[in-house]
Each structure stands twice: as structure tokens, then as C-alpha cells.
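Here, each number is a calculation from the coordinates, and none is a lab measurement. If you're wondering where the values come from, they're calculated on a predicted model, not measured in any experiment. For neighbour counting, all protein chains shown are included, and Cβ atoms are generated from backbone atoms with ideal geometry for every residue, glycine included.
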Amino acid sequence: MYPSPLAVSSRKLTDNVVLSATGFKMKNRVNFGARMALFRFGDSGGLEVNKALELLTGQTTDFNVTHLIVPNSEHTMAVASFKKAFPMLKIIAMESVQLGKGVSPDYVMTSKYGNKKLGAEALREIGVQEPEILENFEFVYLPSNKELVTYHKESKAVFEADILFNLRSDVPMEQFSPATGFPKNYHPFSGMSFPARFLNADSKMGRFLPRKMVNAKASAKGLQAINAWNFDTIVMCHGNVMEKGGKAAFKKVYLSVLN
């Protein structure tokens, strides 16, 4: 559940990638945070969105969203609102995903395309024709937990939902900061949120839970394909962005299936 009123903190990852973060409670109880990425291509003003957040004001005339990437079957709350605001929006998602009444993916990742790198050739088979997608992105679809991991070539960054978390109590959390409407000394991981502080690659729980969710053995080839990308930055939905050390953290979590 998003906080009310919703406050979002936005910053540039690169000149063409903007990240927007906000607070979020899983099942309205546990602080998890949420993050959206926006990609700009060319001079047309078109934007691609990875992991949509709720639209803040409904004032969408200043920009045009052309594509929306759904990172997994659980991160779908805002998809319908984006489709309503941008009727021509193309949605890239996974099989059997529920996006809301009357909303369905335009391009569907199925188990046929699971656990391997999806470049331009595979994307064309799926039906993608737009050069801004074919030229700038690669994907790995993990059918075991219906996760669609995105690689952005220009920024050399991986964008993911639930294969890696970076929630911790030893550094300030961007998603629970004054910029997102929380008090300066707010402690996001107290009370029922206490266990969430261990959801990072340096914790046994933070390594065990993603492996369990992903079914690391069944997803081994897909995880190996992710590891083969040239990246050091991971943009996760939950927790602070890892602009450095992202691949090392990924390896720490999934080492057993990467060898």
C-alpha cells in the first residue's frame, strides 16, 4: 500500500534515465519501498516505464509514455492507471499476469522464452517491432516466479523487482526519507517491519529468501544469463539502488548456481 498523500523523490541515474522512489508497505504492514524507472529516447519525448508507480496528479499532458515494462506478476497495481492515461501505451509483461479489468499485455513473455537472454531477434519473435525497445534493451524472463529482468544497454544497469533486495538499517533508506514524506529520523524497520532490515545480500535471510522465491535451481540458466550482462548497477524495486557493486551482490546471492 502506498502512503497517503503519496510523495515521490526523483533523481537522474543518467541523462536519459530517471528513478522515482516512494514508500510502500507490503500487505499494509511491512515497509518495503517502491521504485519506478523512466527511460527517454530520442527527441520525440516518448518515455518507457519500468515498474509503474501510481500517477500523482493525473496531469499527463507534458509527456507521453509509449511503453510500460511489468517486472513481475506481483508489481501491477499502477498498470491500469497508466493505460487509462496513455491509451496507446504498449505493455511488455509475462504470461498469466492480471493487470486490471480490460487491460492485457501487448507483448507476452512465455515459458518458451524463459531462462535465457532475450535480444532483438527473440523480441521480434514475440512481436516487438519498435526500435527503441529492440536497440536499447535485453531481457531475461524467469518463469518460476514470473519475473522479467531488464538490462538497459546505455546505462549498463539491471532493473529488477524481487530477485534481489537492498533493505538495511545501517544506511538511510531513500524510499523512507524526508524527500518521500517521512520524518528525518524515521526508522522504517521497527515493529512488524523489523525483519525487512535483513533483506539484503549481506544477510543470510537476504540471500535465502530471493533464492527461494526465484527457485534458483530451476532458474539457473536464466540467472547465469543475467550474470553474463556487463553491469555493476542494479536498480531494485525494494531498497536503495546499488550504483556500484551490484554484480558482486548478485553473485553473493546466487553463487551456488552461477559456477
Within the set Lys212/Lys247; Lys27/Lys204; Lys101/Lys217; Lys90/Lys244, which residue pairs have Cα atoms separated by over 29 Å?
Lys101/Lys217; Lys90/Lys244
In the range 154-230, the trypsin sites (Lys or Arg not before Pro) that sit in a DSSP loop and have at most 12 other Cβ atoms within 10 Å of their own Cβ are Lys184, Lys217
Restricting attention to the alpha-carbon atoms of the chain, what are Rg (one decimal) and Dmax (integer), both in Å?
17.3, 51
If you take every residue apart from Ala122 with its C-beta less than 12 Å away from the C-beta of Ala122, what net charge results, scoring Lys and Arg +1 and Asp and Glu -1?
+1
With all pairs of different alpha carbon atoms counted, what Kirkwood hydrodynamic radius in Å does the range 157-259 show?
14.2
Note to self, the chain gives a 222 nm [θ] from helices alone (DSSP H runs n ≥ 4, -39500 (n - 2.57) apiece, / all residues, nearest 500) of -5500 deg cm²/dmol
Would you tally the net charge around Asn16, using a Cβ to Cβ cut-off of less than 9 Å, leaving Asn16 out, and scoring K and R as +1, D and E as -1?
0
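Show me the helices of the chain, taken as full DSSP H stretches, that run 15 Å or more along their long axis by Cα and average -0.5 or above in Kyte-Doolittle hydropathy. Before the final figure, lay out each step's value.
Details: long enough: 204-214 (16 Å, -0.38); 246-258 (17 Å, 0.63).
Passing helices, by number: 204-214, 246-258.
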Under unit Cβ charges (Lys, Arg +1; Asp, Glu -1), what dipole magnitude, rounded to 20 debye, does the chain have relative to its Cα centre?
1060
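Using only the Cα atoms, what convex hull volume per residue in Å³ does the range 106-167 have?
Values: hull volume 5.8 nm³, N = 62.
With only Cα atoms used, the range 106-167 gives 94 Å³ per residue.
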